Every structure is written in structure tokens, then in C-alpha cells.
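The values are calculated or read from the model by the stated rules, or taken from the named source; none is laboratory data. Quantities reported herein were computed from a predicted structural model and do not represent experimental measurements. Because the Cβ atoms are built from the backbone with ideal geometry, glycine has one as well, and the counts that use them run over all protein chains shown.
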Amino acid sequence: MEHTVTELGNIVITALREADYQESTIGNYLKTIRRLNQYASDKNNNFYTPELGAKFAALTTSPRTGKFSVQRRFDFSRLTHLFDTYLDTGTIQLSRRTLGGGGRYPTSAELSDLYTIYETHMRARGLADATIEDYGRATRSYLAFLEDHRITGLDAATGNTVTGYFESLLDRWKATSFPWVASNLRPFFKYCHRLDLIDALTLINVARKHAVIPALTDEQCAQIITGCQQSSTPSRNAAITLLALTTGLRSIDIIHMTLADIDWHHHTLAISQHKTGNPLTVPLSGLLCQRLADYVLHQRPPSDSPEVFLRTKAPHTRLTDHAAIHVIITKTLTTAGVPISAGSQFLRHTAATRLLRSGTALPTISAVLGHADPTSTTVYYTVDTQRLRDCVLPTPKGAQP
């Protein structure tokens with residue numbers, strides 16, 4: 001059955017209102033629908049087709065600036081996605097979409113097949129979805145760069161393509177982000193047994209620098225705990241902040257926490273870590289259990305999602321990514337009188353630091369944090385000032401003035 005843009009637009013808007021979307025969001029949809037309607041009229045198309053939608057979604061250049069617009073791509077693609085799925089299924093499938101596009105995919109037969117095999121290999125290893133996405137994005141970007149330079153097979157790639165690839169990123173990335181790209185690209189080169197390309201990564205000097213890890217003071221921690229007790233702090237936000245501060249959980253594990261993971265009787269949380277796949281059981285404080293229970297019983301929106309923490313705005317699905325956790329924790333800290341922009345990583349560092357300063361053995365801290373490699377925990381020695389001082393040797397008498 002054929003539909004006009006106006007007809008499909010009315011169906012989408014009705015679904016958004018039934019799902020309790022905010023009027024500001026609906027207003028953005030309406031604006032995009034008007035633009036699509038005008039585009040269809042200019043093309044003399046009376047009915048919407050996926051081909052028309054694809055051409056419309058490709059209009060990612062802002063008329064005002066003449067440059068690529070992330071927001072324009074996001075707005076246009078999400079509307080045409082809803083239109084296309086309705087034509088295929090007869091239903092409006094609302095889901096959370098992000099601004100990021102995930103990067104280009106290689107299109108040549110050899111590189112495309114190589115990437116597919118590599119992704120299958122990563123999944124067979126049981127890597128976390130977030131790790132697969134990071135590794136995959138860096139790999140796809142490099143392979144697309146090769147194709148841009150008429151290289152359609154990895155055998156033809158040399159070390160110069162690696163340095164050239166990083167030079168091409170300077171227009172879009174800060175050099176401080178290069179260690180992230182290199183660390184996510186290195187496993188692909190290792191998988192392909194390309195030691196020469198790994199050497200090229202080393203030559204361009206993108207080694208990650210391990211700075212002294214910052215952490216909250218005991219006074220700031222006490223302020224935050226007090227703030228999480230207040231009714232003015234939403235139970236969801238307080239619970240998420242306390243989880244990061246007292247257990248050191250990663251944001252990805254907080255996001256994927258399910259109601260079945262909580263043992264209310266024994267005040268514990270048992271999960272399979274998203275990053276490593278290792279099982280982890282951590283105790284939950286009385287205050288944390290109290291705020292969790294208040295959220296689940298009184299503030300959590302009705303939803304079929306098994307995850308504990310949901311979006312407050314429709315659609316009421318699980319939190320999207322670590323950025324959502326960062327916003328929640330920063331708000332909680334600010335309300336508590338600790339105006340620091342921080343995410344779960346910062347509170348994770350703080351949890352490790354407090355354990356170290358209390359005399360907890362490093363292997364125990366490693367187990368609590370869920371490090372796959374115990375040596376990863378040694379970086380926390382940088383925050384134990386007293387122990388660092390104890391390591392300083394006295395100046396030999398002969399060297400003293």
C-alpha cells in the first residue's frame with residue numbers, strides 16, 4: 001500500500017504521543033517531516049518510497065554552514081528509518097538512536113570479507129559488545145582509508161598507510177585521541193599477523209601516557225554520601241553514584257545491571273562483567289540498597305526492559321552509554337556540593353584508592369575491580385603518596401653536601 005509523507009508523518013506523530021514522548025522531541029520530528037514533504041514535492045513524488053528516503057537522509061550538508069551536520073544526519077535518518085520499518089512491518093518501532101554513525105564500512109570484496117571474518121573472530125572470542133564496537137570502528141576506518149587510496153587488499157598495505165591514516169585523522173580528531181585509535185587498531189594487525197603495521201604504530205609514537213590518577217578526598221566522599229541520602233537527589237541518580245563510588249563498577253556494567261542480578265536478602269550484586277566476561281559479586285551498602293529499592297518500587301517507569309536503570313524520558317529503555325552515566329553522576333556530585341565533572345571511571349579510581357589506602361592487598365583490589373590482568377591495578381600506586389615516600393631511598397652519605 002502506498003503512503004504519502006503526510007500520512008506516514010501522522011502515523012509517526014501518533015505513535016510518539018502514545019509513547020509519551022516530550023513535545024519538544026515531537027516538534028523536531030514535525031520539522032523534519034515538513035522538510036521531507038517539501039523535498040518530495042520538489043522531486044514530484046506523490047508517495048514515499050525507501051529510495052526517496054535514502055536520498056533525503058543523504059542530505060547531510062547544512063545549507064547555513066556548507067559543512068557536514070551530525071544533527072541533520074541524525075534527524076533525517078531517524079525519520080526515514082521509522083518510515084521504512086513501517087512500510088516493512090506495518091508498525092512504528094521506536095528505539096533509542098545515537099548521533100554516532102559507527103563509521104564507514106569497507107566496500108571492496110577482499111577488505112569487506114576480511115572485516116566480516118575479523119568481526120566473527122572477535123565474537124567467537126567472547127569479547128564484550130562495547131569492545132567489539134571499539135575495535136571494529138577503528139578497523140573499519142583504516143580499511144576505508146585504504147580503499148580511498150585504491151588499495152583493495154591488506155597485502156598491499158605498507159607501514160606508510162598507517163602513518164598516512166593517522167595524518168588523515170588530524171582534520172577530525174585531536175592528537176590526544178590517537179592512543180585510543182592505535183590501541184583499538186593493534187588487535188586487528190595482530191590478528192592478520194602484520195608485525196610491520198604494528199611497528200608502524202610504534203614509530204608514530206602514540207603510546208598511551210599513564211598520568212597520576214585523580215581521586216576524591218575522604219571529605220568529598222562523605223559529602224557525596226550525605227547528598228545521596230537527601231530526597232532532593234532522585235533515587236536512580238543516587239543509586240548509580242553510590243554503585244560507582246562504593247563498588248567501583250564500570251559504567252557498562254551499571255547500564256546492563258538487571259533486576260535478577262540483585263540479591264536483596266543478602267545485600268549483594270552478582271554480574272558477569274561486560275568487558276571481561278568474568279563473574280563478579282560485590283556487597284551493597286544499606287544506603288545503596290535503600291535507594292535502589294525506592295527507585296525500583298516507586299520511581300522506575302513501567303517497562304519490559306530487564307535492566308534496572310531506565311531512561312526517564314520515553315522510550316523507557318536502558319541507559320544508552322557511559323555518557324548518560326557521566327551526566328547522572330556529575331549532577332549528583334554537583335547537588336552534593338562537589339562541583340566536579342566526573343563519570344564512573346573517576347569514582348572507580350576513587351574506590352580503588354580508598355581500598356589501597358586502607359591497606360587492602362593489591363590482588364584483592366584487582367578482584368574487586370574485575371581486572372582481567374592483575375598488573376592493571378598497579379597504576380593505583382601513583383595515588384598512595386605515603387607508600388611512594390616509603391619507597392624513596394636515603395641519599396648516600398658520600399653524596400650529601
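For K43, indicate whether it is basic (K, R), within 31 Å of the chain's Cα centre (by Cα) and closer than 21 Å to R72 by Cβ.
no
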Filter segment 247-270 for residues that are more than 18 Å from the chain's Cα centre (by Cα) and surrounded by 21 or more Cβ atoms within 10 Å (Cβ to Cβ); the one that is nearest to S303 (Cα to Cα) is L269
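Among the helices (runs of 4 or more DSSP H) confined wholly to segment 1-96, which include 2 or more residues that are within 30 Å of D171 (Cβ to Cβ) and touching a Leu at 6+ places or on another chain (Cβ under 9 Å)? Give the derivation first.
Numbers: elements: 5-18, 23-42, 50-57, 70-89.
Ranges flagged: 23-42, 50-57, 70-89.
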Log entry, pairs with first residue in segment 51-63 being farther than 13 Å from R35 by Cβ, second being charged (D, E, K, R) and surrounded by fewer than 16 Cβ atoms within 10 Å (Cβ to Cβ), beta carbons closer than 7 Å, six or more apart or on different chains, reads T61/K67
Going through segment 320-370 in order, the residues found to be among the hydroxyl-bearing types (S, T, Y), in contact with a helix residue (DSSP H, G or I) (Cβ under 9 Å, 6 or more places away or on another chain) and modelled with pLDDT under 80 are T360, T364, S366
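Kindly establish whether G359 is touching a residue at least 40 places away in the same chain (Cβ under 8 Å), assigned by TED's automatic domain parsing to the domain that holds T241 and surrounded by fewer than 16 Cβ atoms within 10 Å (Cβ to Cβ). Before the answer, list the steps.
Details: touching a residue at least 40 places away in the same chain (Cβ under 8 Å): no; assigned by TED's automatic domain parsing to the domain that holds T241: yes; surrounded by fewer than 16 Cβ atoms within 10 Å (Cβ to Cβ): yes.
Spelling it out, it is not the case that G359 is touching a residue at least 40 places away in the same chain (Cβ under 8 Å), assigned by TED's automatic domain parsing to the domain that holds T241 and surrounded by fewer than 16 Cβ atoms within 10 Å (Cβ to Cβ).
With respect to Y21, is the statement that it is in contact (Cβ under 8 Å) with a residue 60 or more places away in the chain, in the same structural domain as K190 (by TED's automatic domain parsing) and surrounded by 13 or more Cβ atoms within 10 Å (Cβ to Cβ) true?
Numbers: in contact (Cβ under 8 Å) with a residue 60 or more places away in the chain: yes; in the same structural domain as K190 (by TED's automatic domain parsing): no; surrounded by 13 or more Cβ atoms within 10 Å (Cβ to Cβ): yes.
Answer is no for this residue.
Among what's in segment 122-152 and is among the charged types (D, E, K, R) and touching a helix residue (DSSP H, G or I) at 6+ places or on another chain (Cβ under 8 Å), pick the residue that is nearest to D321 (Cα to Cα). Don't jump to the end; show me each part of the working.
The first filter runs over segment 122-152 and keeps only residues among the charged types (D, E, K, R), leaving 123, 125, 129, 133-134, 137, 140, 147-148, 150.
Within this subset, residues satisfying the condition of being touching a helix residue (DSSP H, G or I) at 6+ places or on another chain (Cβ under 8 Å) are 123, 134, 137, 140, 147.
Numbers: R123: 20, D134: 13, R137: 16, R140: 21, E147: 31 Å.
Among them, the one singled out is D134.
Answer yes or no as to whether Y29 is surrounded by 12 or more Cβ atoms within 10 Å (Cβ to Cβ) and within 15 Å of F74 (Cβ to Cβ). Before the answer, list the steps.
Values: surrounded by 12 or more Cβ atoms within 10 Å (Cβ to Cβ): yes; within 15 Å of F74 (Cβ to Cβ): yes.
Judged against the criteria, Y29 is a match.
Could you list all residues from segment 306-340 that are of a type in the set (G, A, S) and within 19 Å of the chain's Cα centre (by Cα)?
Of segment 306-340, the ones of a type in the set (G, A, S) are 314, 323-324, 336-337.
Result: A323, A324.
Can you work out which of the residues in segment 107-126 that are surrounded by 13 or more Cβ atoms within 10 Å (Cβ to Cβ) and of a type in the set (S, T, Y) is farthest from G277 (Cα to Cα)? Let's see the steps before the verdict.
Within segment 107-126, the first condition is being surrounded by 13 or more Cβ atoms within 10 Å (Cβ to Cβ), and the residues that meet it are 108, 110-112, 114-115, 118-119, 121-122.
With of a type in the set (S, T, Y) added as a condition, the list becomes 108, 112, 115, 118.
Numbers: S108: 34, S112: 28, Y115: 23, Y118: 20 Å.
Ranking the candidates gives S108 first.
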Only one of (1) modelled with pLDDT of 90 or more; (2) under 23 Å from the mean Cα position of the chain (by Cα); (3) among the hydroxyl-bearing types (S, T, Y) does not apply to T226, and that is (2)
Residue match in segment 92-112 (condition: modelled with pLDDT of 85 or more and either in contact with a strand residue (DSSP E or B) (Cβ under 7 Å, 6 or more places away or on another chain) or under 19 Å from L16 (Cβ atoms) (or both))
yes
- [ ] Return yes or no: is R291 touching a helix residue (DSSP H, G or I) at 6+ places or on another chain (Cβ under 7 Å), modelled with pLDDT of 75 or more and of a type outside the set (S, T, N, Q)?
- [x] yes
Only one of (1) touching a helix residue (DSSP H, G or I) at 6+ places or on another chain (Cβ under 7 Å); (2) farther than 17 Å from I11 by Cβ does not apply to Y29, and that is (2)
With the first residue restricted to segment 128-151 and required to be in contact (Cβ under 8 Å) with a residue 40 or more places away in the chain and surrounded by 20 or more Cβ atoms within 10 Å (Cβ to Cβ), and the second required to be hydroxyl-bearing (S, T, Y) and part of a helix (DSSP H, G or I), Cβ contacts under 7 Å at 6 or more apart or on different chains are T139/Y115; T139/Y118; Y142/Y165; L146/T161
Subset of segment 262-296, residues assigned to a helix (DSSP H, G or I) and free of Cβ contacts under 8 Å to residues at least 12 places away in the same chain, comes to Q290
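Every residue in segment 147-168 that is aliphatic (A, V, I, L, M) and either in contact with a Phe, Trp or Tyr (Cβ under 7 Å, 6 or more places away or on another chain) or not in a helix (DSSP H, G or I) (or both), please.
Our first condition is that a residue be aliphatic (A, V, I, L, M); within segment 147-168, this holds for 151, 154, 156-157, 162.
Listed by number, the residues that qualify are I151, A157.
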